[in-house]
Amino acid sequence: MKLKGKVLKYGDDVNTDVIFPGRYTYKNLSPEEMASHAMEDLDPEFKNKVQPGDIIFAGKNFGMGSSREQAVLALKYAGISAIVARSFARIYYRNCINAGLPAIELPEAVDSVKEGDQVEIDLEKGQVKTPAGVFQFPPFPGKVREILQAGGLIPYTRKKLGIS
């Protein structure tokens, strides 16, 4: 599975409340509405600049804060195809995998890019290609790769159980 996109770059300690503002948590929003609120408290221009396939590069502890899944889903619905960070909050990382959004810890790649760079990720080879070079990461284990390819844990489970 290969991903190509433009870099959107953020710093350290980006928390779930700025990824998807808490004031929308208990509203029944469509995927499009969730996407329209992604990152609005951190980057008000996010919804205007994000394009399908874009890839977030961020500092340490990306996704710290609450465990709510909307903070992952809002980015996925906005078109983000992966997140590369120096490190992730543990629950956020797992929510990414469950939602089918690759989350890659690769500090060297984060340091090598700037906003707007074009990058490519090869999930099978464990590579992130940036204008500055190719950076290796341990490929995802087989089951995690299957979950990502299926689009998340729910579609993966449905497929395994033969449920449509």
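Rule-based calculations on the coordinates, nothing more; no lab input. Quick caveat, the model's predicted, so the values are computed rather than measured. Cβ placement follows ideal geometry from the backbone for every residue including glycine, while neighbour counts extend to all protein chains displayed.
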Counting C-alpha atoms alone, how compact is the chain: give Rg to one decimal and Dmax as a whole number, in angstrom. 15.0, 44
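Over the range 86-164, consider all pairs of different Cα atoms and compute the Kirkwood hydrodynamic radius from their mean reciprocal separation; express it in Å, one decimal.
It is 13.7 Å.
So what's the net charge close to GLU124: Lys and Arg +1, Asp and Glu -1, counting the other residues with Cβ under 9 Å from its Cβ?
+2
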With at most 13 other Cβ atoms within 10 Å, longest stretch of the chain clear of loop GluC sites (Glu not before Pro) (DSSP): 46-114
When Lys and Arg each count +1 and Asp and Glu each count -1, what net charge do the other residues less than 15 Å away from SER66, Cβ to Cβ, add up to? 0
Within the chain, helix-based [θ] at 222 nm, where runs of 4 or more DSSP H residues each add -39,500 (n - 2.57), nearest 500: -9000 deg cm²/dmol
If each part is reduced to its alpha-carbon centroid, the range 107-164 and the range 1-24 end up apart, in Å, by 16 Å
Scan the range 11-53 for trypsin sites (Lys or Arg not before Pro) in coil per DSSP, keeping those whose Cβ has at most 10 other Cβ atoms within 10 Å, and list them by number. LYS27
